[in-house]
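The values are calculated or read from the model by the stated rules, or taken from the named source; none is laboratory data. The model shown is predicted, which means the values in this text are computed figures rather than measured ones. Cβ: placed from backbone, ideal geometry, glycine included. Neighbour counts: every protein chain shown. The area values use the complete protein model at the heavy-atom level, side chains included, leaving out ligands, DNA and RNA. Shrake-Rupley method; radii C 1.70, N 1.55, O 1.52, S 1.80 Å.
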Amino acid sequence: MFRFLCLLLLALPLCAETHLVLLGTGNPRQLPERSGPASAVVYNNFAYLFDAGPGVVRRAAAAATQRNIPALAPAQLRRLFLTHLHSDHTLGLPDLIFSSWTVGRREPLDIYGPPGTRAMVEHIEAAWKEDIDIRTHGLEHANDAGYHAIVHEIAPGYVYREGLVTITAVPVHHGSWAHAYGYRIETPDRVIVISGDTSPVASLSEACNGCDILLHEVYPLDGIDQDAHREDWPKYMKQFHTSTEELAEIATKAHPKLLVLYHVSITRPGPQDPAVVLDEIRKTYKGAVVMGNDLDVY
């Protein structure tokens, strides 16, 4: 009965609410204020992680304490969805598997990802074999379940249903990667779409279609042709990522209630001014748009 009332009256404080938490908004550059790509959708005091860039566990711990989101305490992290297997989206995976175990996780980590995820996880476990042995059979007496990962290699479509949460893998195009996904997350009170890395695709507009939040990667057009040392860079950006101009068109079609930018790709040496990115999008996109920062909560 309580669940039914919550569905009718989602504004009640006692009812579950869904939040998007940005754990990492950066790119492969080592920017201290931006960890590698990672985000979490938190519903009913449970966290669903999307990507595992460098720093993911420490950002999750910070969100648990500084943003008062206990579902993101490292020992509570139990579900991960990978958009693709680029290193900047997966370098935090060993940290997520082992660090959350060493501080108390007693259940295997469920990992959903594209083909190739299983081989990656098997190699990670093999690489830390001695660590696992010492922790489980030595004086730490660590449990022998929490370091395991259960891998689900997925295809586009519904990939996860649990209670009132449904997660759909959305096919996207990320250059020469054979498999790359965005995700649509549906809960009783919100629909959130996460792009992952992608060049412009209609599938994300269709997946959003008026969604509450569209979290999308982007690169600015300003300065893209200025790096003479990387003559293929403009071609790479076009095939692997989405420009501000292209994202404005996508968002206009998708009409999210809020467009959040993350994983801003660098197009020239030196710092990239977030205002430049926002200004380029706002030339043609009239909806609400913000630049995401680590530990932002929406």
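Could you look at the chain and say what percent of its accessible area is carbon and sulfur, using a 1.4 Å probe and all protein chains? Don't skip to the answer; put the middle values down first.
Working: 7470 of 13650 Å².
Roughly 55 percent, rounded to a whole number.
Over the chain, with a Gaussian network built from C-alpha contacts below 10 Å, which listed residue (G53, G163, G175) shows the highest mean-square fluctuation?
Maximum among the listed residues: G163.
Per-residue HN-Hα couplings for region 163-169, Karplus 6.51 cos²θ - 1.76 cosθ + 1.60 at θ = phi - 60°, whole Hz, x for Gly and Pro?
Couplings: x, 9, 10, 10, 10, 10, 7 Hz.
Out of residues 5 or more away from Y219 or on other chains, whose amide H comes under 5 Å of its own, with H placed 1.01 Å from N in the peptide plane?
T242, S243, T244, S265
Quick one: check the C-alpha center-to-center distance for region 24-38 versus region 60-83, whole angstrom.
Cα centroid of region 24-38 versus Cα centroid of region 60-83: 17 Å apart.
Under 5 Å between amide H atoms, partner at least 5 residues away or on a different chain: which partners does D294 have, H built in plane at 1.01 Å?
T25
Residues of the chain: accessible area per residue at 1.4 Å, in Å²?
Numbers: 13650 Å² over 298 residues.
Here the residues of the chain average 46 Å² of exposed surface.
How big is the charge dipole of the chain about its Cα centre, in debye rounded to the nearest 20, if each Lys and Arg gets +1 on its Cβ and each Asp and Glu gets -1 on its Cβ? Mind dumping the intermediate values first?
Working: 25 positive and 35 negative charges, 132 e Å.
For this selection, approximately 640 debye.
For the chain, give the share of DSSP beta bridges that are antiparallel, in percent and rounded to the nearest 5; count only bridges with both residues there.
For the chain, the DSSP antiparallel bridge percentage is about 55.
Build a GNM of the chain with springs between Cα atoms under 10 Å: which of P70, P188, P220 gets the top mean-square fluctuation?
Ranking P70, P188, P220 by mean-square fluctuation puts P188 first.
For region 272-298 and region 132-209, what is the separation of their C-alpha centers, rounded to whole Å?
Rounded to whole Å, the Cα centres lie 25 Å apart.
What Kirkwood hydrodynamic radius do you get for the chain when you take the inverse of the mean 1/r over all pairs of distinct Cα atoms, in Å? Please report the intermediate quantities before stating the final value.
Details: mean 1/r = 0.0507 Å⁻¹.
Computed over Cα pairs of the chain, the Kirkwood hydrodynamic radius comes out at 19.7 Å.
In deg cm²/dmol and to the nearest 500, what is the mean residue ellipticity at 222 nm of the chain if only DSSP H runs of at least 4 residues count, each as -39500 (n - 2.57), divided by the residue total? List each step's numbers first, then the result.
Numbers: 10 runs with 87 residues, N = 298.
Calculated mean residue ellipticity at 222 nm is -8000 deg cm²/dmol.
Apply the Debye scattering formula to region 135-218, with a single equal point scatterer on each alpha-carbon and no solvent, then give log10 I(q)/I(0) at q = 0.14, 0.21, 0.23 Å⁻¹.
Calculated log10 I(q)/I(0) at the listed q: -0.59, -0.95, -1.08.
Where is the GNM fluctuation largest for the chain (alpha-carbon springs, 10 angstrom cutoff): I167, I134, I185?
In the Gaussian network model the winner is I134.
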